[in-house]
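*Asks:* First, the structure itself, so that you have it in front of you.
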Amino acid sequence: MHADLHLHTCFSDGTYTPEEVAGHGKRCDLAALSVVDHDSLEACPRMEAACRLHGIEFIPGSELTAEVDGRELHLLAYGMELDHPHLLRALDHCQEVRQNRIREIVFCLNRLGVPMAAEAVFRLANCRSPGRPHVARALVEAGYCHDLDQAFDRFLKRGRPAWVPKHKMSAAEAIQLIHEAGGVAVLAHPGIGRTDYLLPQLVAEGLDGLECFHTKHSTPITEHYMMLADRHQLITTGGSDCHGMNKGQPLIGTVRLPYAHVDQLKHRIRDRRSRAPLASRLLQS
Ligand code: AMP
Ligand code: FE
Ligand code: FE
Ligand code: ZN
């Protein structure tokens, strides 16, 4: 039995609907799936229903952008209560920040002589959590770039002329928020960011796990993070980071996480929930 715990839908920068993601999960014979849209939980109810139809276990999730020491980190949040008021308010704020950032990016593009309207990006994104991939798609569709990579390389990457920084929560704030909502926090694709030196601090702030298995991790990188997880008593997760058809072939199912890791994750969620401060729960009810 295998799982893929890192999937995106059209509620952020993926191209598949929740039902399509569940269908592909079935085709790939996956026993468990998690969707981790950027700063959004909106796909979760539909994913839950679609997975139930296919007999697939679904774990709710989201990918939050956070910052430590001026560096951007992605934190995977798993197992939260979907109606937690504080979490929903925070995600709402992140989505508003994303929408304003799209306007700023488009403003930069206009100054560079690309006459694109923010509304065109919003129409294409058709979600509350738009990101640079949507701008990239709009640039490709309007014929300004050949493909998404070129759009990032010419305009959207850090250091490029239409790059706009994004306000982020600190990792400590994000981890606390995730715990408060009954979830666990896993550092996404640690092999991409060169942030190993931050691990002791993140662990002290309550980090629960490392995403050891990821499309962009080679076997030695995966082994390196398995070793670090062991050293810091962290759980280990993994997934394909599939964004649908954005990059040609769907990645779903290309990272096959043995189910034992899902058990570990569920265990950690239960453990966190049993330790969550009772007071905050009582206040909410
Ligand atoms: P944002 O959250 O708006 O800063 O956008 C970050 C997202 O852009 C990441 O989650 C990736 O999905 C995507 N991304 C980054 N680089 C590229 C690239 N070269 N081609 C396509 N997508 C990319
Ligand atoms: Fe993404
Ligand atoms: Fe990410
Ligand atoms: Zn992702």
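*Asks:* Which one of these is within 16 Å of ligand 3 (Cβ to nearest atom) and either open to solvent by 20 Å² or more (accessible area, probe 1.4 Å) or modelled with pLDDT of 95 or more (or both): 66, 142? Show your work before the answer.
*Replies:* Values: 142 fails: within 16 Å of ligand 3 (Cβ to nearest atom).
Within the list 66, 142, the selection yields 66.
*Asks:* Could you identify the single residue in 96, 141, 104, 81 that is of a type outside the set (Lys, Arg) and within 30 Å of residue 274 (Cβ to Cβ)? Before you say what the answer is, go through the steps one by one.
*Replies:* Details: 96 fails: within 30 Å of residue 274 (Cβ to Cβ); 141 fails: within 30 Å of residue 274 (Cβ to Cβ); 104 fails: within 30 Å of residue 274 (Cβ to Cβ).
One residue alone meets the criteria, 81.
*Asks:* Exactly one condition in (1) away from ligand 2 (no atom under 16 Å from the Cβ); (2) open to solvent by 70 Å² or more (accessible area, probe 1.4 Å); (3) more than 25 Å from residue 88 (Cα to Cα); (4) not in a helix (DSSP H, G or I) is false for residue 167; which is it?
*Replies:* So the condition that residue 167 fails would be (3).
*Asks:* Another one. Got at least one residue in region 197-204 being surrounded by fewer than 23 Cβ atoms within 10 Å (Cβ to Cβ), touching a residue at least 60 places away in the same chain (Cβ under 8 Å), farther than 30 Å from residue 86 by Cβ and touching a Lys or Arg at 6+ places or on another chain (Cβ under 8 Å)?
*Replies:* Start the filter on region 197-204 by keeping residues that are surrounded by fewer than 23 Cβ atoms within 10 Å (Cβ to Cβ), which leaves 197-201, 203-204.
Remaining after also requiring touching a residue at least 60 places away in the same chain (Cβ under 8 Å): 198, 201.
Then keep just the ones that are farther than 30 Å from residue 86 by Cβ; that gives none.
No, region 197-204 contains no residue that is surrounded by fewer than 23 Cβ atoms within 10 Å (Cβ to Cβ), touching a residue at least 60 places away in the same chain (Cβ under 8 Å), farther than 30 Å from residue 86 by Cβ and touching a Lys or Arg at 6+ places or on another chain (Cβ under 8 Å).
*Asks:* List every residue pair whose Cβ atoms lie under 6 Å apart, where the two residues are 6 or more positions apart in sequence or sit on different chains, the first residue falls within region 46-65 and is of a type in the set (D, E, K, R), and the second residue, located anywhere, is part of a strand (DSSP E or B).
*Replies:* 48/58; 57/32; 63/38; 63/74; 63/76
*Asks:* Could you run through region 105-136 and say how many residues are within 18 Å of residue 163 (Cα to Cα) and in a loop (DSSP other than H, G, I, E, B)?
*Replies:* Here the count works out to 9.
*Asks:* Within region 33-42, is even one residue hydrophobic (A, V, I, L, M, F, W, C), at pLDDT 95 or above and either over 17 Å from the mean Cα position of the chain (by Cα) or over 27 Å from residue 263 (Cα atoms) (or both)? Break it down into steps so the answer makes sense when it comes.
*Replies:* Within region 33-42, the subset hydrophobic (A, V, I, L, M, F, W, C) is 33, 35-36, 41.
Adding the requirement that they be at pLDDT 95 or above leaves 33, 35-36, 41.
From what's left, either over 17 Å from the mean Cα position of the chain (by Cα) or over 27 Å from residue 263 (Cα atoms) (or both): none.
Checked against the condition, which is being hydrophobic (A, V, I, L, M, F, W, C), at pLDDT 95 or above and either over 17 Å from the mean Cα position of the chain (by Cα) or over 27 Å from residue 263 (Cα atoms) (or both), region 33-42 yields no hits at all.
*Asks:* Let me ask something else about it. Condition test on residue 29, is it without any contact (Cβ under 8 Å) to a residue 12 or more places away in the chain and assigned to a loop (DSSP other than H, G, I, E, B)? Break it down stepwise before answering.
*Replies:* On the way: without any contact (Cβ under 8 Å) to a residue 12 or more places away in the chain: no; assigned to a loop (DSSP other than H, G, I, E, B): yes.
In short, no.
*Asks:* Output the number of the condition that residue 43 fails; it satisfies all remaining conditions of (1) open to solvent by less than 60 Å² (accessible area, probe 1.4 Å); (2) in contact (Cβ under 8 Å) with a residue 60 or more places away in the chain; (3) within 16 Å of ligand 1 (Cβ to nearest atom).
*Replies:* Every listed condition holds for residue 43 apart from (2).
*Asks:* I need a count of the residues in region 1-23 that are hydroxyl-bearing (Ser, Thr, Tyr) and open to solvent by less than 10 Å² (accessible area, probe 1.4 Å).
*Replies:* Narrowing region 1-23 to residues hydroxyl-bearing (Ser, Thr, Tyr): 9, 12, 15-17.
Within this subset, residues satisfying the condition of being open to solvent by less than 10 Å² (accessible area, probe 1.4 Å) are 9, 12.
Counting residues in region 1-23 that are hydroxyl-bearing (Ser, Thr, Tyr) and open to solvent by less than 10 Å² (accessible area, probe 1.4 Å) gives 2.
*Asks:* Closer than 26 Å to residue 139 by Cα and among the acidic types (Asp, Glu): is that true of residue 241 in this structure? Before the answer, list the steps.
*Replies:* On the way: closer than 26 Å to residue 139 by Cα: yes; among the acidic types (Asp, Glu): yes.
When the stated conditions are applied, residue 241 passes them.
*Asks:* Give, as residue ranges, the helices (runs of 4 or more DSSP H) completely inside region 212-285 that count at least 3 residues that are at pLDDT 95 or above and surrounded by 12 or more Cβ atoms within 10 Å (Cβ to Cβ).
*Replies:* Of the helices (runs of 4 or more DSSP H) lying wholly inside region 212-285, those with at least 3 residues that are at pLDDT 95 or above and surrounded by 12 or more Cβ atoms within 10 Å (Cβ to Cβ) span 219-232, 260-275.
*Asks:* Looking only at region 14-32, decide whether some residue is within 16 Å of ligand 4 (Cβ to nearest atom) and touching a His at 6+ places or on another chain (Cβ under 6 Å).
*Replies:* Yes; the residues of region 14-32 include at least one that is within 16 Å of ligand 4 (Cβ to nearest atom) and touching a His at 6+ places or on another chain (Cβ under 6 Å).
*Asks:* Okay, moving on. Hey, any hits in region 22-29 for a residue that's of a type in the set (A, V, I, L, M), touching a Ser or Thr at 6+ places or on another chain (Cβ under 6 Å) and either more than 16 Å from ligand 3 (Cβ to nearest atom) or modelled with pLDDT under 95 (or both)? Step through it out loud before you land on a result.
*Replies:* If we filter region 22-29 for residues that are of a type in the set (A, V, I, L, M), which is where we start, we get 22.
From the residues that got through so far, the ones that are touching a Ser or Thr at 6+ places or on another chain (Cβ under 6 Å) too are none.
Within region 22-29, not a single residue is of a type in the set (A, V, I, L, M), touching a Ser or Thr at 6+ places or on another chain (Cβ under 6 Å) and either more than 16 Å from ligand 3 (Cβ to nearest atom) or modelled with pLDDT under 95 (or both).
*Asks:* Let me ask something additional. For the list (1) crowded, with 19+ Cβ neighbours inside 10 Å; (2) more than 16 Å from ligand 3 (Cβ to nearest atom); (3) more than 14 Å from residue 20 (Cα to Cα), I need the number of the one condition that residue 38 fails.
*Replies:* Looking at each condition in turn, residue 38 falls short on (2).
*Asks:* Then there's this: Scan region 13-22 and give yes if some residue there is assigned to a loop (DSSP other than H, G, I, E, B), within 16 Å of ligand 1 (Cβ to nearest atom) and under 10 Å from the mean Cα position of the chain (by Cα), otherwise no. So that I can check it myself, show each step before the final result.
*Replies:* Here is the first cut: in region 13-22, the ones assigned to a loop (DSSP other than H, G, I, E, B) are 13-17.
Subset that is within 16 Å of ligand 1 (Cβ to nearest atom): 13-16.
With under 10 Å from the mean Cα position of the chain (by Cα) added as a condition, the list becomes 13.
Scanning region 13-22, I find at least one residue that is assigned to a loop (DSSP other than H, G, I, E, B), within 16 Å of ligand 1 (Cβ to nearest atom) and under 10 Å from the mean Cα position of the chain (by Cα), so the answer is yes.
The values are calculated or read from the model by the stated rules, or taken from the named source; none is laboratory data. Note that the structure is predicted; figures quoted are calculated from it, not measured. Neighbour counts run over all protein chains shown; Cβ positions are idealised from the backbone, glycine included. For accessibility, only protein heavy atoms count, side chains too; no ligands or nucleic acids. Shrake-Rupley method; radii C 1.70, N 1.55, O 1.52, S 1.80 Å.
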